[in-house]
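Data block below; observations after.
A short reminder: the numbers here are calculations on the coordinates, not readings from a lab. None of these values were measured; they are calculated from a predicted model. Cβ atoms come from the backbone with ideal geometry, glycine included; neighbour counts cover every protein chain shown.
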Amino acid sequence: MKPTTYKYLIFLFCVTAIVAFTTTWQIKEAQAAGAKPTLDPSDPKSSLYLDSRGKLAGTGSSSKPVSEAFKAGQGWHPQALQSEGLPKDRYGLVDWAKLVNDGSIEPLHSLDEDEDELPPLDVDVVIHSKGDYVKDVKYPHQIHTYWLSCENCHPAIFEMGAGANPISMVEIAEGKWCGRCHGKVAFPLADCNRCHTIPKKAKR
Amino acid sequence: MILAISPKPAAAAGLGEMTFDNKIESMKKAGVGPVIFSHTTHENTIKCAECHPDIFIEKRGANDMSMKKNMDGEHCGACHDSTVAFPMYQCSKCHTQVGAAK
């Protein structure tokens, strides 16, 4: 590096140090003056959301419904992820399925290098919804087996056979079947038509 | 404009609670009962014009409502999608007898 570059770097360092010092000092000052700290790290309602650079991205409870958190400008994911141009669903959550399908990310299949990787199972199962109008559900093994192994679902959650399980939407909403994951670790149940994709034939 | 000067007939008319059960056969198959809709609660907090006539025709039974249409963002689904009001997977907030028959 040229000596000028060094000088520049040292200058930058000094500026950063001064800024950091002044900020800390100001906060200390404010606290000493009895000003109430607006953020209490021990209070879950006052969680801090940091971005990848460690800067404050937002505050608030993470237990609130997505919509409320999102309205308040927060997200489940760090702000950094939100701003990276990742595809989002209509609730502003990162659409992981789209990322995989578009080939944008390629996560390691396992932390254990020696573990054999099974290719995703490309079998769709149509699950008929009861009633005369609501669209049927196409259950895609592909995206699920990309993230999960068979044992995550078979046989603990689902018997291995089309129509072999007494699934119902009422129970899904109660957190059973697909509701074991959707609304928790996978896209939310409120996004009805992401599962209900096959229109009933005769009636509408 | 017309709405702004007209009195609130419904509030006085006291539409109260309405029961929707046109699609009762389909509801039974899904294990849910008739829908109870409190017109009063909604009209107290929401302007008539938010719903009439764009989302609902102002006449009992004139709207061919179904869960499918709700899920496509029509009728109740225009609001109950977890952005404006509670999401639609909370079946028992609208339907009676949820989980009765399967």
**Asked** Which of A:K176/B:K93; A:K98/B:K29; A:K184/B:K23 have a Cα-Cα distance over 26 Å?
**Response** A:K98/B:K29; A:K184/B:K23
**Fill in**
Expressed in nanometres to one decimal, the distance between label points 7 Å along Cα→Cβ at B:E74 and B:E25 is 1.9 nm
**Prompt:** Which of B:H39, B:C76, B:T96 sits closest to the plus end of the dipole of the range B:38-97, meaning its Cα is farthest towards the positive end, when Lys and Arg get +1 and Asp and Glu get -1 on the C-beta?
**Reply:** B:T96
**Item:** Dimensionless Rg ratio for the range B:38-97, taking C-alpha atoms and the 2.2 N^0.38 Å reference
**Value:** 1.10
